């Protein structure tokens, strides 16, 4: 995504006030409440942090601290849109408490990396870490009845890393699927990438040689509607991946309320371990003074929050791990 422009107006905020507001909102029932970390359970997050590291979308130290605050709530977070320039990611890491580490892919389409941020006191990273790439000889198997368009590989290879939490191992796949434009060609390419990812998960399960039986796909899947009939949903779930029914219908993007960010898993052990999920609408808590300022409207508020934090909201899922 191109960097968001800096809003043409000043707004200063108190970091302590905004962190307190975030924590109160986090604990609000129903729907958005993120459960507390709990022994024997994995709290998995995912967040597209818009253009993190883009020099044209530079965050202040306070912005970085707010982003880090939300990352600390999860045992493990898949982060998308981390740029090849790692300066802002390193600033986030410096703002995290001791014991948080990161593992990342190399840059791909749009100069983006896939990153996992994890709490080493809660989860252990295992041996498996690698990008999912479909060999050219297998491209002919990636096809859908809705289009004659050819699959030519992922724009950004999904990044699979294995973790252990308590007694369960999970292979978590961090994905940011292609978006392109609002055209038939781009939508077909997105659907083909979705099918390729679902086919990969199905084949790993069917062959019985997967590193872990618990494969969880999470990230910005650019899925307009998480329901049958949507071509991206249908392509992703065609080979058995399941998208759970959401406990919250809060959109994962701020301005248009789309449900682009999703998680999916095969209905085996991971399906049995799944407990609940949700979306955290941080924009409902942050910058109340700006929201209430009669000199600014909702458009100004959205522009400020997109530039300084993100245009996507974090999603989360809780799994039984014991």
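Of note:
- Residue satisfying condition, being outside any strand (DSSP E or B) and surrounded by fewer than 19 Cβ atoms within 10 Å (Cβ to Cβ), within set 133, 129: 133
- Per the conditions (1) at pLDDT 95 or above; (2) over 25 Å from residue 157 (Cβ atoms); (3) under 13 Å from the mean Cα position of the chain (by Cα), the sole criterion not satisfied by residue 217 is (2).
- The condition of being closer than 28 Å to residue 217 by Cα and touching a helix residue (DSSP H, G or I) at 6+ places or on another chain (Cβ under 8 Å) holds for only one of 288, 273, 317, 264, that being 264.
- Scanning the range 270-319 for residues that are in a helix (DSSP H, G or I), in contact with a strand residue (DSSP E or B) (Cβ under 8 Å, 6 or more places away or on another chain) and buried (at least 18 other Cβ atoms within 10 Å of the Cβ) returns 270, 273, 306.
- Matching entry among 218, 250 (being part of a loop (DSSP other than H, G, I, E, B), in contact (Cβ under 8 Å) with a residue 40 or more places away in the chain and buried (at least 16 other Cβ atoms within 10 Å of the Cβ)): 250
- Filter pass, residue 89 being farther than 23 Å from residue 281 by Cβ and surrounded by fewer than 18 Cβ atoms within 10 Å (Cβ to Cβ): no
- Among the residues making up the range 11-36, those that are over 23 Å from the mean Cα position of the chain (by Cα) and under 18 Å from residue 310 (Cα atoms) are 11, 12, 13, 15.
- Within the range 253-269, if we keep just the residues that are under 16 Å from the mean Cα position of the chain (by Cα) and assigned to a loop (DSSP other than H, G, I, E, B), the residue that is surrounded by the fewest Cβ atoms within 10 Å (Cβ to Cβ) turns out to be 257.
- Count of the range 4-23 residues, restricted to those that are more than 17 Å from residue 299 (Cβ to Cβ), in contact (Cβ under 8 Å) with a residue 24 or more places away in the chain and in a loop (DSSP other than H, G, I, E, B), is 1.
- Filtering 47, 25 for residues that are closer than 13 Å to residue 69 by Cβ and surrounded by 20 or more Cβ atoms within 10 Å (Cβ to Cβ) leaves a single hit, 47.
- Unique residue being surrounded by 19 or more Cβ atoms within 10 Å (Cβ to Cβ), in a helix (DSSP H, G or I) and touching a helix residue (DSSP H, G or I) at 6+ places or on another chain (Cβ under 8 Å) when the list is 235, 201: 235
- Residue in the range 141-153 that is within 17 Å of the chain's Cα centre (by Cα), within 27 Å of residue 271 (Cβ to Cβ), touching a residue at least 12 places away in the same chain (Cβ under 8 Å) and outside any loop (DSSP other than H, G, I, E, B) present: no
The values are calculated or read from the model by the stated rules, or taken from the named source; none is laboratory data. Keep in mind it's a predicted model, so treat the numbers as computed, not measured. Note: ideal-geometry Cβ built from the backbone for every residue, glycine included; neighbour counts use all protein chains shown.
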